[in-house]
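What follows is a short report on a single structure.
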Amino acid sequence: MSLFQDKKIILGVCGGVAAYKSAELLRLLTKAGAQVQVIMTPSAEQFVAPMTFQALSGNPVRSNLFDQAAETGMGHIELARWADLILIAPATANTIAKISQGVADNLLTTVCLASAASLIIAPAMNQQMWRSEVNQKNIQHFKGRTAISLIGPARGEQACGDNGPGRMEEPESIMQFCEQQLQQLKEQQSLSGLLKGKKLLVTAGPTIEDIDPVRYISNRSSGKMGYAIARAASEAGAEVTLVSGPVVLDAPEGVNCYKVRSAVQMHEKVFEQLDNMDIFIASAAVADYRPVETKSQKIKKSQDTITIELVKNPDILADVSTHNEKLFTVGFAAETTELEKYALDKLDRKKLDMIAANRVGSDNVGRSMGFDSDTNELVLFCNNTDAGIEQKVLPETTKLQLARELIKEIILQYENSNKKKDWK
């Protein structure tokens, strides 16, 4: 059955030449089984007649915030509650600016602000408007917000004669994107409440060990996997604390995030937050060593070779697992060779309940594996004292989807472990 079947979708249409594409988009949505309510901004009515959308949707088109007939029942609030998904296509620079700043001065922007539904924005505007500094700042407001996503704009020839980014994506591409978002929503809902009342502590990203004010040593890590895990755990209803090394990611909504730089700082922050935690997930790529001495001034290049004495960093995961034996601990193992051997060794040596192992580096066609990628795959090894070591492969997919699958496996193993506390 189509993911669109019986889904309640608000299609927002803004004033731009691309509004003619919205009629085809509406036809595809209704053909796929969606119930669609169209909201047009006043300027959109200058490009396409409301009757077109009414005929295609089978519903009256809404455009007036102060429609007396609708407002007797607080119509804009009812619309906001009705929607499973809000799709704005085309979205003009004006509407994007209003939504990013929380301005609600017409029906469409008011419904967006009043709704808890996921919002998909398909921008369409002149290439210079798209590139303008103020518009890009408005777009940045959406980054890291889990309920808002953008598709496009595409590049190409524009109605004004310019050529560049700013064309609305084609209706077929928007449909595919919406289907992906609905699938994610379905997966998110499958996690809902599974970790209600539980407290999770997650580490993510690299640590940086300074050599001098200019140079440092570190491990490769984008932090994407750890941040995805924190988001998935939060979706499952957990109270999530994230301790993160330096990354260029925004903390997921609803997650308490602490930023650190070095392994020593991460160790200290983890132990500050450890009390009353139920599950600890160590996905950070913590540097194993740090310089014995950090120079206060830049080391000048004067010799062909240089020796820097290193000392071991504290082992955060091992210290946590031995500090609190009732805590359910999950580690990560990034390996270039003999994945199973090294993962099982780490599972046993650090006294973990589960370890998630993945290959890193490059595959045989030169693709990056694990690092900096938006996809990954994991092999789980679970230390089930009754059944021995259990193994399960989580196939390659997006890191967010992988994180959701991992959280489901952690919940299953946690419930079956003797470390389980009473569910609240």
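Laboratory data are not the source of any read-out in this text; all were calculated from the coordinates shown. Bear in mind that the values here come from a model prediction, so they are computed numbers and not experimental data. Heads up, the Cβs are rebuilt from the backbone with ideal geometry, glycines too, and the neighbour counts pull from every protein chain shown.
Ranked by how many other Cβ atoms sit within 10 Å of their own Cβ, fewest first, the residues Asp162, Asp374 fall in the order Asp374, Asp162. From the square roots a ≥ b ≥ c of the eigenvalues of the alpha-carbon gyration tensor of the stretch 172-296, which class results: rounded (a/c under 1.5), prolate (a/b over b/c), or oblate? Judged from the Cα gyration tensor, the stretch 172-296 comes out oblate (a/c at least 1.5, b/c at or above a/b). Angle of helix 224-235 to the longest C-alpha principal axis of the chain, folded into 0 to 90 degrees and rounded to 10: 70°.
Using Cα atoms only, what is the angle between the long axis of helix 19-31 and the major principal axis of the chain, expressed in degrees (0 to 90) to the nearest 10? Result, in degrees: 70. Cross-link pairs exceeding 23 Å in C-alpha to C-alpha distance, out of Lys98/Lys186; Lys8/Lys186; Lys326/Lys346; Lys196/Lys326, comprise Lys98/Lys186.
Let's see if you can work this out: charge +1 on each Lys and Arg Cβ, -1 on each Asp and Glu Cβ, no other charges. What is the dipole magnitude of the stretch 8-190 about its Cα centre, in debye to the nearest 20?
Details: 14 positive and 15 negative charges, 56 e Å.
Computed charge dipole of the stretch 8-190: roughly 260 debye.
Computed 3J(HN,Hα) for the stretch 290-295, one whole-Hz value per residue from the Karplus formula 6.51 cos²θ - 1.76 cosθ + 1.60 where θ = phi - 60°, is 9, x, 4, 10, 9, 6, glycine and proline marked x.
Structural descriptor for the chain: relative contact order 11 percent, calculated from alpha carbon pairs under 8 angstrom and at least 6 residues apart. In this structure the amide hydrogen of Leu195, modeled in the peptide plane, comes within under 5 Å of the amide hydrogens of Gly237, Ala238, none closer than 5 places in sequence on its chain.
How big is the dipole moment of the chain about its Cα centre under a simple scheme where the beta carbon of each Lys and Arg is +1, that of each Asp and Glu is -1, and everything else is neutral? Debye, nearest 20, please. Display every interim value, and only then the final one.
On the way: 47 positive and 51 negative charges, 92 e Å.
Taking the Cα centre of the chain as origin, the dipole is about 440 debye.
Rounding to the nearest 20 debye, state how big the charge dipole of the stretch 194-416 is about its Cα centre with +1 on each Lys and Arg Cβ and -1 on each Asp and Glu Cβ. For this selection, approximately 580 debye.
Shape verdict for the stretch 8-190, please, from the Cα gyration tensor: rounded (a/c under 1.5), prolate (a/b greater than b/c) or oblate. Verdict is rounded for the stretch 8-190. In the distance distribution for the chain, Cα-Cα pairs more than 33 Å apart total 46 percent.
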